[in-house]
1. Give the residues of the range 71-84 that are closer than 17 Å to Cys40 by Cβ and open to solvent by less than 80 Å² (accessible area, probe 1.4 Å), sorted by residue number.
2. Kindly list, by first and then second residue, each pair from a residue in the range 59-76 that is basic (Lys, Arg) to a residue that is outside any helix (DSSP H, G or I) and crowded, with 17+ Cβ neighbours inside 10 Å, limited to pairs with Cβ atoms under 9 Å and residues at least 6 apart or on different chains.
3. Lys115 versus (1) at pLDDT 95 or above; (2) closer than 19 Å to Gln3 by Cβ; (3) open to solvent by 60 Å² or more (accessible area, probe 1.4 Å); (4) basic (Lys, Arg): which is the lone unmet condition?
4. Considering only the range 4-25, state which residues are assigned to a helix (DSSP H, G or I), without any contact (Cβ under 8 Å) to a residue 60 or more places away in the chain and open to solvent by less than 40 Å² (accessible area, probe 1.4 Å).
5. Within the set of pairs 6 or more residues apart or between chains, which connect a residue that is touching a residue at least 40 places away in the same chain (Cβ under 8 Å) and open to solvent by 40 Å² or more (accessible area, probe 1.4 Å) inside the range 39-50 to a residue that is part of a strand (DSSP E or B) and small (Gly, Ala, Ser) with Cβ atoms less than 6 Å apart?
6. Mind checking which residues of the range 91-107 are open to solvent by less than 70 Å² (accessible area, probe 1.4 Å) and among the hydrophobic types (A, V, I, L, M, F, W, C)?
7. Looking at (1) open to solvent by less than 70 Å² (accessible area, probe 1.4 Å); (2) more than 18 Å from Lys36 (Cβ to Cβ), which one does Asp110 not meet, given that it meets all the others?
Amino acid sequence: MPQITVDYSERLADAFDRRAFAVEAHARAVEIADAKPPACKTRFRRTEDTVVGPDTEGHAIVHVTIGLLAGRTEETKARLAEAVLEVLRAHVKPVEGLALHASAEVRDLDPSYRKYDA
């Protein structure tokens, strides 16, 4: 915990500094949600196709999902979501001809969540 998943449009691959984003997002999770640094894990999933409304071209999407162990307030979750969007803006360069649609959500992990580190 936290488990961070970032879905992003393939057309942003060269414009998105994913490693820098992850490092800074982890720091924000530690600061805002009292996460432990070694527990922060981020994975990135590149998506090939993006459709926004009726448009099949001209748009790029980045959506960040953050799963935390239960117990954080709604205010803490909202602060973390806003902070992650700030970090995202700093690490995604504009791409000519693309409108960026960025979003973030913070949710509680299911009570069944377990982990194994070897």
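1. Gly71, Arg72, Thr76, Lys77, Leu80, Ala81, Ala83, Val84, listed by residue number.
2. Arg72/Val106
3. For Lys115, the exception is condition (1).
4. Selection gives Ala22 alone.
5. Note: pairs meeting the criteria are Thr47/Ser9.
6. Val92, Val95, Leu98, Ala99, Ala102, Ala104, Val106
7. Of everything listed in (1) open to solvent by less than 70 Å² (accessible area, probe 1.4 Å); (2) more than 18 Å from Lys36 (Cβ to Cβ), Asp110 misses just condition (1).
The values are calculated or read from the model by the stated rules, or taken from the named source; none is laboratory data. These figures come from a predicted structure and were not determined experimentally. No Cβ is skipped: glycine too gets one built from the backbone with ideal geometry, and neighbour counts run over all protein chains shown. What goes into the accessible areas is simple: the full protein's heavy atoms, side chains included, and nothing from ligands, DNA or RNA. Shrake-Rupley method; radii C 1.70, N 1.55, O 1.52, S 1.80 Å.
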